[in-house]
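Below is one structure, written out as structure tokens; comments come after it.
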Amino acid sequence: MAAPDSSSPASPTQDSAGLIAPGWHTAVLLGFLVGISAFETWNMANSPSVEFTSRARIASYLIGIGWEWAMVGFIAWGVRRCGRRLSDLIAGSWPDPAAFLRDLGIGVLFQIASGIVLGTLRIALRDTTSKSVRSLLPDSPTEMAIWILLSVTAGFCEETIFRGYLQKQFTRLTGSAAVGIVLQALIFGACHGYQGIKPILVIGVYGGLFGVLAHYVKNLRPGMLAHFLQDSIAGLAGRALLKHLPSG
């Protein structure tokens, strides 16, 4: 990630009144997100007890990696139409190792705090993980390696899409940071519709917490690290932890 050019007249921090991308661009992105979510939800609903093979899991991981990077590419193209760059959404890279360690520490603390909140919410909702979703977790060393790549992709791409682009765009459109956080969180939760209603609520809250973090630290870096840690650990340890739990 390249550090943003502070001299750019179109930097979001210098042009708070303008949108970060054309309105039609945001509408197209939302349509794509809704379409992908609807397809995944329909597919999972029509195969609620499917046990995915290793080949199917790997294909699913690679498809996920591909479409997330495609969306980030679409976002990069869209923000350039308003004179901005992708790095403006992220707030640049780490200037030195100390900055990386600081953001890593923030990310770890965020994961601990959000884990307590989400764990409590899951218990209150009696949320469990469906057999099909469990079946998507990595099993073999090859699957685990690709899962880590998928987790890196999710950490960078999903934070860029939801907290970097949508949250900022909704904030500009509504004039309210709180509304921007809530709207992107609702969409973030809905994009995981294939997991079921209760997980949508939990993931939506998680997206809201990520939004609050991004708003207060003024960059996406701690959130990206936290997102990567959550996804990678959940995937690598998930099959062993979930196989004894009842199906949802």
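Throughout, read-outs are computed from the coordinates displayed, never taken from laboratory work. For clarity, every value in this text was computed on a predicted model and none was experimentally measured. Note that each Cβ is placed from the backbone with ideal geometry, even for glycine, and that neighbours are counted across all protein chains shown.
The ranking of R163, R126, R221 by Cβ neighbour count inside 10 Å, starting from the fewest, reads R126, R221, R163.
Only helices reaching 15 angstrom along their own axis (Cα) with mean Kyte-Doolittle hydropathy no lower than -0.5 count here, and for the DSSP H runs of the chain these are 23-45, 54-80, 97-125, 141-158, 177-190, 197-217, 221-242.
With the convex hull drawn over the C-alpha atoms of the range 143-248, the volume per residue is 95 Å³. Between V217, V202, V79, the residue with the greatest mean-square fluctuation in the GNM of the chain (Cα pairs under 10 Å linked by springs) is V217. The ranking of S54, S87 by Cβ neighbour count inside 10 Å, starting from the fewest, reads S54, S87. Taken as Cα centroids, the range 138-173 and the range 41-94 sit 7 Å apart, rounded to the nearest whole angstrom. Going from the fewest other Cβ atoms within 10 Å to the most, the residues E143, E51, E40 appear in the order E51, E40, E143.
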